[in-house]
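Okay, so here's the structure we're looking at.
What follows is calculated from the coordinates using simple rules that are stated; it is not laboratory data. Values in this document were obtained by computation on a predicted structure and should not be read as measured data. Don't worry about glycine lacking a Cβ; one is built from the backbone with ideal geometry, like all the others, and counts go over all protein chains shown.
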Amino acid sequence: MDDTTRKSSNKKTARDVVVDVDEGENDTKRHRTDDANTAASISHKDSHNNHVVPEPVTSASASATGNESGDVVAVTATVTTTTTTTTNDDLPSTTSELMEVLCGIISDRYTREEALYTLERLLKWTCTKNGNILRLFHACNGVLIVLNFIKKTMNDGNCVGQVRMECIGKAAQAIRGVIYRGENNVNKDIAKKISKSLIECDGINTLINASEEYNGGEDVHELNALYFVWMVLKNITAFKIDVMTGDGINKDQTIALFDTGIDVISQLKSVHGDVASEILELVFGALNNCIKFSRSYVTTKYFQDKDILSKCLEVFKTDDDSDTWTCRSEKAMEATILFFYNCCFRKLLVRSSDYEILLPLLVMVLKVLPTHDEIRNKAVYVICDACSFVNDRKIIERSGAMEVLGALLASENINEAEKNKVRFLTRLITAPRRN
């Protein structure tokens, strides 16, 4: 695994925005670099007026070339900063019109409030799901501009607290808007191109660093920013063609993202409520994408060496009793069970001890959400898989599996075909194990 160090800067932090749930690195700080079919925005209070917008930069062309690590090798085209912002919110129709607006982010002539206003305008435009604005944004290499804004914000020691988190959160929202594929994947091609540009601009590391601004705890502004950052990461990792399995996210980036996700899960152990559950849903979704689409970068050895399973399970245990389990939101539990299902399918869980510590969570979820088809089917699959690894079947019985399976058989809300799967599993658990 990559041992590059993360920079330990001022770590500081989701709510309803666009969510796309289709296809879907290390323990020290990295050097600073930077879904939903509906859209909304969070409103925050601007309490400072210090400059935080990036200095004028050179914008990468739409065909910027990235090396193996995702760094941009060559960029072209320059940005002018001789225009002023406008209150006209009509959709721009040319690259020059959009670049004039984007200057509100990249030029140090503008205040932080003006930069945030520009991000709000961009978010408003992307929420129209108009493919033309995405194409103009890509032609202006807008993703590099927004990433530079995030990096500038994180490197500004004078930008702190709520305003710092708002800058990061709004920028992540804007990125999410331009990588959203839209209903029926109408914008899939251009969204994929923008996603690839983000990777070439070292956007994965920038977003990882942005995630690490979260200090743990219940600060709403940190949680909001964290939510939007992981919304982007979940959707970036969901592009499995040309991004995850082509010239996209490499092994080091995948492992770095995975490590950071596990850190966030651990930090949220004592944080409850809707936002925390939504973040867990996104993080488990992104990690699941890494397992499915990342050329087996996440190996069994890595999984065991990093004690990934235990760290993931801790967030579902109560603070005062490690033997008592608790559910998060239904969607968070669905994302979690799907993650563990793919861990089994990809042979990341291959020890009896893995299943012994996982079984109580599966039993708890089947008790609480027995009629959720996706959760039930995947949980039953994992319990079935456990029978191949747990030598002592009494361990499975003592987990409460037989009782919960019996309740499923007695339920009037589960069809006969599904009950037949449960009957098969009960026979498998009680059958003598062959040596």
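Taking the Cα centre of each part, how many Å lie between the range 253-271 and the range 352-379?
Centre-to-centre distance over Cα atoms comes out at 22 Å.
Would you please classify the overall shape of the range 299-435 from the alpha carbon gyration tensor, given that a ≥ b ≥ c denote the square roots of the eigenvalues, rounded means a/c under 1.5, and beyond that prolate means a/b larger than b/c while oblate covers the rest?
It comes out oblate by the Cα gyration axes.
Could you put ASP202, ASP392 in order, starting from the residue whose Cβ has the fewest other Cβ atoms within 10 Å?
Exposure proxy ranking, most exposed first: ASP392, ASP202.
Compute the relative contact order of the range 299-435 as a whole-number percentage, counting only Cα pairs closer than 8 Å that sit 6 or more residues apart in sequence.
It rounds to 22 percent for the range 299-435.
Treat the count of other C-beta atoms within 10 Å as a stand-in for reagent exposure and order ILE414, ILE168 from fewest to most.
Fewest to most other Cβ atoms nearby, the residues stand as ILE414, ILE168.
Rounded to whole Å and sorted largest first, list the principal axis extents of the Cα atoms in the range 134-187.
Principal-axis extents of the range 134-187 (Cα, largest first): 42, 21, 10 Å.
Amide H neighbours of LYS317 under 5 Å, counting only residues 5+ apart in sequence or on other chains, H built in-plane at 1.01 Å?
Amide H neighbours of LYS317, under 5 Å, 5+ apart: THR326.
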